[in-house]
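Just below is one structure, and these are the notes that go with it.
The values are calculated or read from the model by the stated rules, or taken from the named source; none is laboratory data. Every value quoted in this text rests on a predicted model; they were computed, and no experiment measured them. Cβ atoms come from the backbone with ideal geometry, glycine included; neighbour counts cover every protein chain shown. These area figures cover heavy atoms from the full protein model, side chains too; ligands, DNA and RNA do not enter into them. Shrake-Rupley method; radii C 1.70, N 1.55, O 1.52, S 1.80 Å.
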Amino acid sequence: MSEKYDVIVIGSGPAGYVAAIRAAQLGLKTACVEKWTNDAGSVVNGGTCLNVGCIPSKALLDSSHRYHDAHDGFDQHGINTGDLSINVPEMIKRKEKIVAQMSGGITGLFKSNKVTSILGYGKLLAGKKVEVTDNDGGSTVYEADNVVIATGSVPVNIPVAPVNPADNNIVVDSTGALEFQEVPKRLGVIGAGVIGLELGSVWSRLGSEVVCLEAMDSFLAMMDQQIAKETKKILTKQGLDIRLGCRVTGSEVKGEEVEVSYLDSNGEEQKQTFDKLIVCVGRRPFTEGLLAEDSGVKLDERGFIFVDDNCATTVSGVWAIGDVVRGPMLAHKGSEEGVVVAERIAGQKAMMNYNIIPNVIYTHPEVASVGQTEEQLKADGVEYNVGTFPFLAIGRAVAADSQDGMVKMIADAKTDRILGCHIVGPSASDLVQQVAIGMEFGSTAEDIGMTVFGHPTFSEAVKEAALSVHGHAIHMPNRKKRK
Ligand code: FAD
Ligand code: NAD
């Protein structure tokens, strides 16, 4: 038996590393176990988000957006670029540098906060003991008063399109799609969800012909459908070929390409050949080798670790957070749970508001939402008012050639409290956060409408949408009637 800790966190993704840092800040003796290593065999902290998720995808989205802008958007500003080309290996190298910087940053934060970093595979034993197996197969058992499970998630595999690196990395998951060394001429994407749209956009901007095969009949089914419809229109105009209601029935790698068979929305058999195929049909919780039979921790029917509203598992003193538990698979949701759990361990009464978690798709323009959709409110029988405002009537958006999209604000019909906000448009990620803050303070649409917004800013669309809830938007184009 080795050292005893107040808190051992298993997994150093955005849920685990934040929990570890907060616990250490609160004076608890904390260790964080991580199995991920680099080529040199050193621990890699930061999990999916920093290494193969949020950060590298945004790095490539940024590079590809700059290229696309220079290619298609500079002329009208009078900027001549001459012959333009993209050096994909350089772009990937930049992404890797950013990943190394961010991941190294967590290792630095662990040191400065006195979190002990333990390299190895963690397994929860009975009695809040954690067995850590290192790369050489040696194991050490640590004891803790509290264990926080933050082992995250991995991509879902489908038998009709197995990801097999032995086939020259032609059929890949999101991790493989962040590593292409050249622009695939024909890129297939199975699943037009968040990853499909973000990574499809990256390669489309660099010149790939992108076809997204989506099983559902509706686009971005969980989002507000007015915004989803507008988003589909914009992305289709950009060149993404989004085919809804498609059932993939098989795929065959033939040399350097892959042939995909699917039934289209009319039930007709189709075949399409691609140079690369990204499979991004969701992620599943990762618990392999994590729980000893007598650990006492229970999973739910979908394989997530079962927790209560405060992330407590079925074993007292064992907690679970992030992608491995219910709720949206988002980095900020996991981080917030990490803070709540650390503070609860320290005896505080922290809580998290699951009703106000912003959700962003980092296409261009971005798509962002917080709170409830119109469809959810209808289903719940809630009476509401809606205000929308288009970016084409926002001076800053026109000046920046970013007039696609709109802000949609939904407020309770009786109290006027904001129930949801859904945006497709420039800087939607930052705009929706302003509304999220308002919602946390119980803001009404009128409160936002009465707030002075700087001019010219994209955020004026938020104010105008709030005014529009009551028919008072000032710059509303094509108004039929004014109240
Ligand atoms: P993870 O980040 O998955 O971390 C879990 C860690 O636990 C890993 O490091 C793993 O090695 C380690 N681990 C697992 N089992 C063990 C064990 N037994 N012992 C030791 N270590 C173990 N979310 C956003 O909010 N915004 C985005 O823009 C965004 N973009 C994304 C883009 C892509 C391409 C992908 C794939 C995901 C993206 N996500 C985004 C989702 C986000 O990455 C996840 O929600 C987030 O990483 C979950 O955090 P986590 O800490 O729960 O798990
Ligand atoms: P997703 O759930 O967003 O999208 C998966 C899509 O695949 C869905 O539209 C689904 O209907 C479709 N699908 C499922 N099975 C299919 C099949 N057999 N054939 C065709 N389509 C099929 O999942 P994702 O895009 O894989 O992303 C995984 C998770 O990672 C998401 O839950 C998301 O929360 C997180 N993520 C977040 C961000 C962000 O916040 N910007 C970015 C990337 C990933």
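Structural remarks
- Hits in the range 432-447 (condition: in contact (Cβ under 8 Å) with a residue 40 or more places away in the chain, among the aliphatic types (A, V, I, L, M) and open to solvent by 10 Å² or more (accessible area, probe 1.4 Å)): Met439
- The strands (runs of 3 or more DSSP E) falling completely within the range 330-395 that include 2 or more residues that are within 16 Å of ligand 1 (Cβ to nearest atom) map to 359-361, 366-371.
- Scanning the range 210-236 for residues that are assigned to a loop (DSSP other than H, G, I, E, B) and either among the hydrophobic types (A, V, I, L, M, F, W, C) or open to solvent by less than 50 Å² (accessible area, probe 1.4 Å) (or both) gives Glu214, Ala215, Met216, Ser218, Phe219, Leu220, Ala221, Met222, Met223, Asp224.
- In the range 364-382, the residues that are more than 14 Å from Val194 (Cα to Cα) reach residues that are part of a loop (DSSP other than H, G, I, E, B) and open to solvent by less than 10 Å² (accessible area, probe 1.4 Å) with C-beta atoms within less than 9 angstrom, at least six apart or across chains, in these pairs: Gln372/Asp224; Thr373/Asp224; Glu374/Asp224; Glu375/Asp224; Gln376/Asp224.
- Restricted to the range 185-209, and to residues there that are open to solvent by less than 20 Å² (accessible area, probe 1.4 Å), more than 16 Å from ligand 1 (Cβ to nearest atom) and touching a strand residue (DSSP E or B) at 6+ places or on another chain (Cβ under 9 Å), the residue that is farthest from Met329 (Cα to Cα) is Ser208.
- From the list Gly267, Gly289, Gly255, Gly239, the one residue that fits, being open to solvent by 40 Å² or more (accessible area, probe 1.4 Å) and closer than 21 Å to Leu178 by Cα, is Gly239.
Residue-by-condition table, conditions (1) in a helix (DSSP H, G or I); (2) polar (S, T, N, Q):
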position: Gly16; (1), (2): yes, no
position: Ala31; (1), (2): no, no
position: Asn45; (1), (2): no, yes
position: Asn51; (1), (2): yes, yes
position: Asp62; (1), (2): yes, no
position: His68; (1), (2): yes, no
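- Within the range 224-242, if we keep just the residues that are out of contact with any Asp or Glu (no Cβ under 9 Å at 6 or more places or on another chain) and within 14 Å of ligand 2 (Cβ to nearest atom), the residue that is nearest to Pro426 (Cα to Cα) turns out to be Thr231.
- Of all residues making up the range 33-43, the number that are outside any strand (DSSP E or B) and either near ligand 1 (Cβ under 8 Å from one of its atoms) or among the β-branched types (Val, Ile, Thr) (or both): 2
- All positions within the range 52-62 that are more than 7 Å from ligand 1 (Cβ to nearest atom) and open to solvent by 20 Å² or more (accessible area, probe 1.4 Å): Ile55, Asp62
- Within the range 292-334, the set of residues being under 18 Å from the mean Cα position of the chain (by Cα), open to solvent by 40 Å² or more (accessible area, probe 1.4 Å) and basic (Lys, Arg) comprises Arg326 only.
- Screening Ala19, Ala24 for residues that are in contact with a Lys or Arg (Cβ under 8 Å, 6 or more places away or on another chain), more than 16 Å from ligand 2 (Cβ to nearest atom) and not hydroxyl-bearing (Ser, Thr, Tyr) leaves exactly one candidate, Ala24.
- The set of residues in the range 83-139 being under 24 Å from Tyr5 (Cα atoms) and of a type in the set (A, V, I, L, M) consists of Ile106, Leu109, Val115, Ile118, Leu119, Leu124, Leu125, Ala126, Val130, Val132.
- Any hit, the range 21-28, residues being assigned to a strand (DSSP E or B), more than 23 Å from the chain's Cα centre (by Cα), more than 10 Å from ligand 1 (Cβ to nearest atom) and crowded, with 16+ Cβ neighbours inside 10 Å: no
- Test for Leu419: is it of a type in the set (A, V, I, L, M, F, W, C), over 24 Å from Pro456 (Cα atoms) and surrounded by 21 or more Cβ atoms within 10 Å (Cβ to Cβ): yes
- Every condition in (1) over 20 Å from Thr415 (Cα atoms); (2) open to solvent by 20 Å² or more (accessible area, probe 1.4 Å); (3) not hydroxyl-bearing (Ser, Thr, Tyr) is met by Met450 except one, and the failing one is (1).
- Filter result (under 17 Å from Glu337 (Cβ atoms) and either of a type in the set (D, E, K, R) or not assigned by TED's automatic domain parsing to the domain that holds Ala144 (or both)) within the range 19-37: Arg22
- Restricting the range 253-270 to residues that are within 12 Å of Val211 (Cβ to Cβ), part of a strand (DSSP E or B) and not β-branched (Val, Ile, Thr), the residue that is nearest to ligand 2 (Cβ to nearest atom): Tyr262
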